[in-house]
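Asks: Encoded as structure tokens, here's the structure I'll be asking about.
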Amino acid sequence: MKYAGPLKISIVYLLTGFIWIYGSDSFTQAFFPAVSQQYLFQTVKGIFYVVSTALLLYYLLLRFYKAQQQKVDELRESEQRYQFLFLSSPLAKIIYDADTGKIQEVNERASVFLGFSEEELLRRQVTEVFPEKDLTELAVLEGVVRYVKPDGMHLSLEAAASAFNYKGAHMILLSLDDVSAREEAQLLLEEHRRKLIAAQKIANIGYWQSFNGLYWSDEVYKIWGLNKDTYELNYESFLQTVYPEDRYLFFSEYEDVDKDELEYDIEHRFMRPDGSIRWARQWGILIRKDKDSPFRGEGTVQDITDVKNISLFLDKASRMAMIGAWEWNISDEHVRWSPITREIHEVPEDYEPSLEGGIAFYTGTSRQAILELIHIAVNSGQSWDIEAQIMTAKGNVKWVRSLGQAEMVDGVCVRLYGSFQDIDRLKRSEVAIIEALQTQVLTLERMRDGYISVDREWTVRYWNSSAEQLLGRKRGEALGKNLWELYADAVDSDFYHHFVSVMETGSSASFEAFYPTTDAWYELDVFPSDQGIAIFFKDITERKNYLQTVERQNQTLKEIAWSQSHEVRSPLARLLALVRLLEDMRPDRDDELKELLQLITGSAHELDDIIRKITVSTSSH
């Protein structure tokens, strides 16, 4: 009850008064029988009652006024605190009349955010500041609004409206915070996240973690060909996907190590649900509290099936790429090497590394380069990534990749750490590949046949010196250009149809064709490749001209033989006719004449057979 206290005091006062009057009257009648004494006592009693009542009233009023003054002081102090908080708030504050929209109060921050002076804001309606909102919308405004300052600058303001009553008026307090930088940071963070996801997809790299159970990023599920929503992921189920012969790699990495922190890099096969076997490369850092505790860690996994197949083709016996870790604590000069780093340097397990000792393994210019990189990292915090040569403890020269990172505290480097990788085989393979490519290029340049290679978009990728001579076009004019734009007049020719057929079918082709532009015949061998097609060709115009000359001579000889055979057979036929006539005219001829006629007849028939064979032979050629 709102007035319960005053009511209780009043009731107590009334009861006390009644008791005083009744008790005092009874006392007067009992001890003062004389009327004059009673009057005197009543007068004293009245004076005492009035004085005591006045004192009581004074005490009550004093307490009341003190309480009221305390409330006034508290209210004034509260108003001062509110005024201080309102004016000094990092948020823009606007108080306006909810009914009229007239701005009543603003702080300095509102002037900064909105681009108006305080006087200008106090002369405006709130809807003039936010023309896209009406009073109803502004009264319940919550969230981010877009605001354009008078100078054209765009801001994102997080707004919150709250209603209150002040001196009988309905007011709205509008709080505004500039979140433009935060939104930009969020957009940038989201962009980085999208780029990271895109990079993982492009590079086929996923992320894993094993702090509170095993966690895979979406890309790992994609690499493994598993459904994230239905696959029950744990360490045991993961091991079941690892190829049986490769599971020992994980046990050997997790067990029998003396370090509580382990960096590892392994390549292994794994089995997809569709039965296919693929290769993955896993890199990670494992840590544990003590030797009795399990390892926890995180790392990356990459699908290297295509790369591995090529690597296995080149060297089936190659081992996984070795990556070790190192650390230099500057405060106590302590240097730590992981087991793989020791193995790369070919030092024993009890070897105690030091900064000077580690640098001493580098040879030649590599030593000076690593010294400069360490100096820069210590002084400026700049990281490094360098390929260098070292000489191991056993005297073997190796190519290594050294990566370093500085840990800075208050601008001072306190620790250097990084990884150390044996890239000797890779580096030597690169050199061998470069030398092989150089040999191949040299061979192509020395060959007398023209050689052209184009990709699947018909872009010229190679054009040797013989091609320059045979086609009369410099390689600088052809490289990077579309073949059919260079030779538009060859579109729909024999060249075009054979080239397209090889590109589409993947089957090689050999043919001869005439190119009117160069007035030359070419013999071509066209082969498919992974990138497009390879074209070998030579100019056979001289050979073609020679064959055509021979064919013309043969035709001439054929015509001569045909003509001569008819000219010779005519008198031969007349000779045979005369012989038969003589035989018919002299049936009684002597034996000698008869024999002579037979010889003439036989010779004539023999000559006729020879002429017939010549005719048949020339006709067939």
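Asks: Amide H to amide H, which residues 5 or more places from Asn464 or on other chains are under 5 Å from it, using H placed in the peptide plane?
Replies: So Asn464 has HN proximity to Tyr451.
Asks: Can you pull out the GluC sites (Glu not before Pro) in region 109-152 that DSSP calls coil and that have at most 12 other Cβ atoms within 10 Å? Mind dumping the intermediate values first?
Replies: Working: sites: Glu118, Glu119, Glu120, Glu128, Glu132, Glu137, Glu142; in loops: Glu132.
Sparse-neighbourhood loop GluC sites (Glu not before Pro): Glu132.
Asks: Just how much of Ser508 is accessible, in Å², when a 1.4 Å probe is used and the result is rounded to the nearest 10?
Replies: Rounded to the nearest 10, that gives 70 Å².
Asks: Would you work out the charge dipole size for region 49-163 about its Cα centre, treating the Cβ of every Lys and Arg as +1 and the Cβ of every Asp and Glu as -1, and quote it to the nearest 20 debye? Working shown, then result.
Replies: Numbers: 13 positive and 18 negative charges, 111 e Å.
Dipole magnitude for region 49-163 comes out near 540 debye.
Asks: Determine, for each peptide in 181-189, 233-241, the mean count of other beta carbons within 10 angstrom over its residues, then list the peptides with the highest first.
Replies: Values: 181-189: 11.0, 233-241: 13.3.
Order by mean packing, descending: 233-241, 181-189.
Asks: Another question, then. Could you sort Asp422, Asp134 by accessible area so the largest value comes first, with the probe set to 1.4 Å?
Replies: Asp134, Asp422
Asks: When only the heavy atoms of the protein chains count and the probe is 1.4 Å, how do Lys427, Lys474 rank by accessible area, highest first? Write out the running numbers ahead of the final one.
Replies: Details: Lys427 45, Lys474 125 Å².
Reading off the accessible areas and sorting them downward yields Lys474, Lys427.
Asks: Among the listed pairs Lys308/Lys427; Lys45/Lys66; Lys222/Lys427, give every one whose C-alpha distance is greater than 26 Å. All intermediate terms of the calculation are to be shown ahead of the outcome.
Replies: Working: Lys308/Lys427 16 Å; Lys45/Lys66 31 Å; Lys222/Lys427 31 Å.
Distance filter (> 26 Å) returns Lys45/Lys66; Lys222/Lys427.
Asks: To the nearest Å, what is the center-to-center distance of region 451-469 and region 474-539, using C-alpha atoms only?
Replies: 9 Å
Asks: What shape does region 332-411 take by its C-alpha gyration tensor, where a ≥ b ≥ c are the square roots of the eigenvalues and a/c under 1.5 counts as rounded, a/b above b/c as prolate, and the rest as oblate?
Replies: Oblate, because a/c is 1.5 or more while a/b does not exceed b/c.
Asks: Here is a further query. Take Trp20 and Leu135, extend 7 Å from each Cα along the Cα→Cβ direction, and tell me the distance between the two endpoints in nm.
Replies: 5.8 nm
Asks: Okay, next question. What FRET efficiency comes out for the pair Ile310/Lys474, r = Cβ-Cβ distance, R0 = 25 Å, nearest 0.05? Display every interim value, and only then the final one.
Replies: Numbers: r = 35 Å, r/R0 = 1.39.
Given R0 = 25 Å and the Cβ-Cβ separation, E is 0.10.
Asks: Does region 472-538 come out rounded, prolate or oblate by the C-alpha gyration tensor, with a ≥ b ≥ c the root eigenvalues, rounded set by a/c under 1.5 and, if not, prolate when a/b is larger than b/c and oblate if not?
Replies: Details: a/c = 1.62, a/b = 1.18, b/c = 1.37.
Cα axes put region 472-538 in the oblate bin.
Asks: Right, here's the next one. Probe 1.4 Å, all protein chains in place: accessible area of Asp97 in Å², nearest 10?
Replies: Approximately 30 Å² for this residue.
Asks: Given a 1.4 angstrom probe, I'd like the percentage of the accessible area of region 52-162 that is carbon and sulfur, rounded to a whole number.
Replies: Numbers: 4060 of 7300 Å².
Summing carbon and sulfur atoms, their accessible area is 56 percent of the total for region 52-162.
Asks: Hey, with R₀ at 60 Å, roughly what FRET efficiency would Val51 and Tyr166 work out to, going by the Cβ-Cβ distance, to 0.05?
Replies: Efficiency, rounded to the nearest 0.05: 0.85.
Asks: Okay, next question. Between Tyr58 and Thr365, what length comes free when the chain is fully extended (0.36 nm per residue of separation minus the Cα-Cα distance, one decimal in nm)?
Replies: Length difference between fully extended and current span is 100.5 nm.
Asks: Follow-up. Order the following by accessible area, largest value first: His498, His154, His334, His345. Probe radius 1.4 Å; ligands, DNA and RNA are ignored.
Replies: These residues rank, largest area first, as His154, His334, His498, His345.
The values are calculated or read from the model by the stated rules, or taken from the named source; none is laboratory data. Keep in mind the model is a prediction, meaning the values are calculated, not measured. We place every Cβ from the backbone using ideal geometry, glycine too, and count neighbours over all the protein chains shown. We work out accessible area using only protein heavy atoms, side chains counted, and drop any ligands, DNA or RNA first. Shrake-Rupley method; radii C 1.70, N 1.55, O 1.52, S 1.80 Å.
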